[in-house]
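The values are calculated or read from the model by the stated rules, or taken from the named source; none is laboratory data. If you're wondering where the values come from, they're calculated on a predicted model, not measured in any experiment. Cβ atoms come from the backbone with ideal geometry, glycine included; neighbour counts cover every protein chain shown.
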Amino acid sequence: MYCPTCECEFEGWTGKCPNCKNPLQAGKPPVQISSQQQVDFESLVDIVKERGGTLNIELKASEVGKTKATRFPWMGFGYAWTKRMQGAREGVSVDLSTTKVGKDKKWSFPYQGLGYAWRQELQGSIGGNEVTLTAKKVTRKKTWSFPFRDYGYAWTEEMSGECGRDLLIELKTTEVKKIRRWLFPYFGFGYAWVKAGELSLSLT
C-alpha cells in the first residue's frame with residue numbers, strides 16, 4: 001500500500017495513511033526517475049569543502065514497515081520502523097535502506113504489553129558512493145490508556161558512518177511519527193517511525 005499524497009509506501013498498513021489520513025492505494029508508488037548524476041568520491045569531497053567542511057541534506061521516509069503480535073491473555077505488541085529514506089541537495093542524492101532492525105518487548109501484570117522496534121543499520125548510497133550507517137542513540141517511550149492498554153514506541157535518534165577515507169556521516173532524527181491502535185478487549189499496539197532526518201557529511 002502507498003499514499004499518493006505523501007508518496008510513501010506503507011508495508012503492513014491498510015485503510016488510511018497514518019501520516020495524512022488520506023486513503024491508501026494498493027501497490028507501490030510510481031517510480032520517480034532522478035535527473036541527478038552520480039558524483040564520484042573526489043567531487044563529493046570537493047562539494048563538502050566548498051560548503052565550509054559540512055554538507056547537510058534533509059531526508060524523508062519513503063517506505064515504512066509495521067508488524068504486530070499478541071500474547072495470552074490480552075497483551076499486544078506493535079512494531080514499526082522506517083525502511084527507506086531519501087533526499088537530495090546540491091546535486092547529491094541520498095538513498096538509504098534499513099538492513100537491520102532491533103526489536104524488544106516487555107510486559108507487566110495484568111495485561112500490559114510493550115513492543116519496540118528501531119533501525120540498527122542502514123545501507124545505501126550518497127551520490128552513488130556506497131555507505132553503511134549504524135545506530136548510536138535509540139530512544140523509547142511508553143504511554144497507556146484505560147483500562148489496561150499500554151503502547152510502546154522506539155526509534156533511532158542518531159546514526160553514524162563513513163564515506164570513503166575523507167568523510168564522516170551523521171544522521172540525526174528531526175521528526176518522529178507516533179500512533180496507537182487497539183483491539184477488543186485490552187490489546188494495545190504502539191507504532192513509531194522516523195519521518196524526517198538531517199544527514200551531515202563532514203571532513204575527517
Looking at this structure, is Lys60 touching a residue at least 60 places away in the same chain (Cβ under 8 Å), farther than 12 Å from Trp193 by Cα and surrounded by fewer than 19 Cβ atoms within 10 Å (Cβ to Cβ)?
no
What are the residues in region 8-18 that are assigned to a loop (DSSP other than H, G, I, E, B), touching a strand residue (DSSP E or B) at 6+ places or on another chain (Cβ under 7 Å) and farther than 15 Å from Arg180 by Cβ, if any?
Gly12, Cys17
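From the list Ala154, Ala135, Ala192, pick out the single residue that is in the same structural domain as Gly91 (by TED's automatic domain parsing) and either surrounded by fewer than 19 Cβ atoms within 10 Å (Cβ to Cβ) or closer than 30 Å to Val39 by Cα (or both). Explain how you work it out, then say what you get.
Numbers: Ala154 fails: either surrounded by fewer than 19 Cβ atoms within 10 Å (Cβ to Cβ) or closer than 30 Å to Val39 by Cα (or both); Ala192 fails: either surrounded by fewer than 19 Cβ atoms within 10 Å (Cβ to Cβ) or closer than 30 Å to Val39 by Cα (or both).
After ruling out the rest, the residue left standing is Ala135.
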Taking Arg165 as meeting all but one of (1) under 30 Å from Val48 (Cα atoms); (2) among the basic types (Lys, Arg); (3) modelled with pLDDT of 95 or more, write down the number of the exception.
(3)
Determine the pairs where a residue that is on the phi > 0 side of the Ramachandran plot, located within region 46-57, has a partner that is surrounded by 14 or more Cβ atoms within 10 Å (Cβ to Cβ) with Cβ atoms under 8 Å apart, the partner being 6 or more residues away or on another chain.
Gly53/Ser202
